[in-house]
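The values are calculated or read from the model by the stated rules, or taken from the named source; none is laboratory data. Small disclaimer: the values here were computed from a predicted structure and weren't measured. As a convention, Cβ positions derive from the backbone with ideal geometry for all residues, glycine included, and neighbour counts pool all protein chains shown.
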Amino acid sequence: MNFDPLWGQTGQSIQQFWQEQWSRSLQSLQQMGSAAPAGLADWPAAGGATAGNPWHGLMEAMQSAMPQAAAGTALQFDAAQLQGLQQEYLSAVQSLADNHSVQAMLAKDKRFAATEWAENPLAAVTAANYLLGSRMLMGMAEAVQGDDKTRNRVRFAVEQWVAAMAPSNFLALNADALHKVVETKGESLAQGISNLLADMRQGHVSMTDESLFTVGKNVATTEGAVIFENELFQLIEYKPLTAKVYEKPFLMVPPCINKFYILDLQPDNSLIRYAVSQGHRTFVVSWRNPDESLGHKTWDDYIEDGVLKAVSTVQDICEAPQINVLGFCVGGTMLSTAMGVLAARHAREQGRAPAAKAARSRSAAAKTSARATAKPESRPFPVASMTLLTTLIDFRDTGILDIFIDENVVRFREMQMGKSGLMKGQDMASTFSFLRPNDLVWNYVVGNYLKGETPPPFDLLYWNSDSTNLPGPFYAWYLRHLYLENSLIKPGALTVCGEKIDMSQLKMPVYIYGSRDDHIVPVGAAYASSQVLGGELRFAMGASGHIAGVINPPAKNKRSHWLREDGKFPATLQEWLAGSCEYPGSWWTDWSEWLGGHAGTQIAAPKSYGRARAYAAIEDAPGRYVLAKA
């Protein structure tokens, strides 16, 4: 690299330092096992690791990700991949002597794209060596030999460590932040400290200016009223926007690990408002943010007293034999489970199933007895159709989240909170943020604290920061029976609310949606529900990720979606895609047409919320449950 003579010697020293540290990291890898992987010892400038090695954290992370290595088994790498990485590394090191190559390298990474990095030779060589070394370490993570879970855990551990060690995360090395300190005469640093103290008080890193948002004022503003509540949820009914509505009401079940207003952020991107505008009498479950008083609640409680209670309440309010339902993410898994319970009970009512297990309570026993004495064919199945958005029923492919799940982890959670307690919302939110560490963690650390900036207002990130707790028994059951054992797809393997669950007995039409770039519910896993459910199906794949793919209103005319019109559902998503067609814009319009086809005739819209005194309006939407902080 053609440095100015005044700082050329310093630049060369920095380059040598970073190369030595990366090499020591590589050398440490072989010390994790009894035998060095082929080719590892031959990497340039390899030296013995010292107690003060600042890269030792990577080794600890990899050891925790690979218990067999920590136990003394040699860490194995693919020899051919290692040799290729070695050649790439040597070539890349030589390119650092060329200023244009370094500038091009920095420009491709937004952390170092500011002109201050390029104009500061010391910062430039530091960043360039970091990028080179991190690329090599990520390549080595890919070269680890082992089962998929082990390799994914190593990859995740290395990614976390590499993201944390970026020179942009340290004030003394961040040329952009240092320039701002000088430019503002220290004000940016003072403001950064103030931001840090504020975030410490609130318990999380700010991703947006949270002071600019108020639930019910500028998010979650669709007009409606709470018309029922119990200790687990409030039921909101929304004011019709059309003179007539479909005779079959529509119930949305959002995830209880987040707040419902992701479906109602702004009028122009609200799925709730869109459903109302399409003529559906719309109801939404607003889950309570549980405190210690609800720490004993179980999965069964949330199904019986949550989802099933919401379904029966909507039926009662509208005096409707059938309703349409939608579940989003975990809400979709809960809804599917509830439909399994209903299917078992309905089959018994029709004389097609054995009696249920003993009920959990006197009230539940009374309900079961009443159902058992109902006349055959006395009523249709309560749900006319179901929509599942980015939902897992088959948990074989849980994406990156799989690295957190094994028998030891689940057993620990069961011991910790299987009987009572809370899974804190902030703990879950932090886990999800670290799935994308550069974008959702370190980006805000640098901006908020090193540069003293206030992040711009963004309603989606405000919602993302508004976390919720989960009851410990609910969470532990969910981990074991679904994420670990994948029992929901096994007929009769699960007993929920006293009923054996068999997903193949769900015969209602189902619309399944998956997001192509979803890292929480992989699109292939969303599609896998088509191989489990027993009724008429329609599947749509949308572009983008877990949230952006779902919240994609037609008026924006953004992204694309894929449909297949021959009615075939082959075993894999790849086979389904081979017969699909891409369409521009939102999937909402296709779903709306499908839902309308299952909603019945049009009737006059109701003039008031609820139904007479039995379900009078309690308070205006969005209600008070959604306001409770974790």
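Tabulated results
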| read-out | value |
| --- | --- |
| Candidate set from the stretch 415-460 (those that are assigned to a helix (DSSP H, G or I) and either in the same structural domain as ILE547 (by TED's automatic domain parsing) or among the charged types (D, E, K, R) (or both)); member that is farthest from ALA114 (Cα to Cα) | ASP427 |
| Any pair with Cβ under 8 angstrom, 6 or more apart, that starts in the stretch 152-169 at a residue that is in the same structural domain as PRO121 (by TED's automatic domain parsing) and ends at one that is in a helix (DSSP H, G or I) and among the polar types (S, T, N, Q) | ALA157/SER64; VAL162/SER134; ALA163/ASN438; MET165/SER134; ALA166/SER134; ALA166/ASN438; PRO167/THR126 |
| Qualifying positions in the stretch 246-283 - in a strand (DSSP E or B) and either touching a Ser or Thr at 6+ places or on another chain (Cβ under 9 Å) or not aliphatic (A, V, I, L, M) (or both) | TYR246, PHE250, LEU251, MET252, THR282, PHE283 |
| The stretch 104-142 - residue that is part of a helix (DSSP H, G or I) and among the basic types (Lys, Arg) and, of those, farthest from LEU440 (Cα to Cα) | ARG135 |
| Test for GLN83: is it surrounded by fewer than 18 Cβ atoms within 10 Å (Cβ to Cβ) and in contact with a Gly (Cβ under 7 Å, 6 or more places away or on another chain) | yes |
| Matching entry among PHE381, PHE412 (being in a helix (DSSP H, G or I), surrounded by fewer than 19 Cβ atoms within 10 Å (Cβ to Cβ), on the phi < 0 side of the Ramachandran plot and of a type in the set (Phe, Trp, Tyr)) | PHE412 |
| Tabulated pairs, the stretch 229-256, first within 17 Å of GLN315 (Cα to Cα), second among the acidic types (Asp, Glu) and in a strand (DSSP E or B), C-beta under 8 angstrom, 6+ apart or interchain | LEU235/GLU229 |
| Qualifying residues in the stretch 202-221 (those that are in a helix (DSSP H, G or I) and in contact (Cβ under 8 Å) with a residue 40 or more places away in the chain) - the one surrounded by the fewest Cβ atoms within 10 Å (Cβ to Cβ) | LEU212 |
| Criterion: among the hydrophobic types (A, V, I, L, M, F, W, C), crowded, with 18+ Cβ neighbours inside 10 Å and at pLDDT below 95 - qualifying residue of VAL441, VAL446 | VAL441 |
| Answer residue from the stretch 287-325, given it is among the aliphatic types (A, V, I, L, M) and in a helix (DSSP H, G or I) and is farthest from the chain's Cα centre (by Cα) among those | ILE317 |
| Of the criteria (1) within 27 Å of LEU212 (Cβ to Cβ); (2) hydrophobic (A, V, I, L, M, F, W, C); (3) surrounded by fewer than 22 Cβ atoms within 10 Å (Cβ to Cβ), which one ILE262 fails | (3) |
| Pairs, first closer than 28 Å to LYS419 by Cα in the stretch 461-473, second at pLDDT below 95 and of a type in the set (Phe, Trp, Tyr), C-beta under 8 Å, six or more apart | none |
| Answer from PRO570, PRO622, PRO553 - the residue that is free of Cβ contacts under 8 Å to residues at least 24 places away in the same chain, surrounded by 14 or more Cβ atoms within 10 Å (Cβ to Cβ) and not acidic (Asp, Glu) | PRO570 |
| In the stretch 334-349, the residues that are of a type outside the set (Gly, Ala, Ser) and either surrounded by 24 or more Cβ atoms within 10 Å (Cβ to Cβ) or in contact with an Asp or Glu (Cβ under 7 Å, 6 or more places away or on another chain) (or both) | MET334, LEU335, THR337, MET339, VAL341, ARG345 |
| Residue within the stretch 243-263 that is among the polar types (S, T, N, Q) and at pLDDT 95 or above present | no |
| When residues of the stretch 222-240 are limited to those that are in a loop (DSSP other than H, G, I, E, B) and touching a Gly at 6+ places or on another chain (Cβ under 9 Å), the one surrounded by the fewest Cβ atoms within 10 Å (Cβ to Cβ) | ASN230 |
| Qualifying residue in the stretch 501-512 (condition: buried (at least 22 other Cβ atoms within 10 Å of the Cβ), under 30 Å from LYS629 (Cα atoms) and touching a residue at least 60 places away in the same chain (Cβ under 8 Å)) | no |
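Here's the yes/no breakdown for (1) more than 24 Å from ALA621 (Cα to Cα); (2) among the small types (Gly, Ala, Ser):
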| residue | (1), (2) |
| --- | --- |
| GLY186 | yes, yes |
| MET200 | yes, no |
| LYS217 | no, no |
| PHE228 | no, no |
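Residues are listed down the side, and each one gets a yes or a no for (1) at positive phi; (2) surrounded by fewer than 18 Cβ atoms within 10 Å (Cβ to Cβ):
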position	(1), (2)
PHE404	no, yes
GLY418	no, no
GLY421	yes, no
GLY425	no, no
PRO456	no, yes
ASN469	no, no
GLY472	no, no
TYR475	no, no
TYR478	no, no
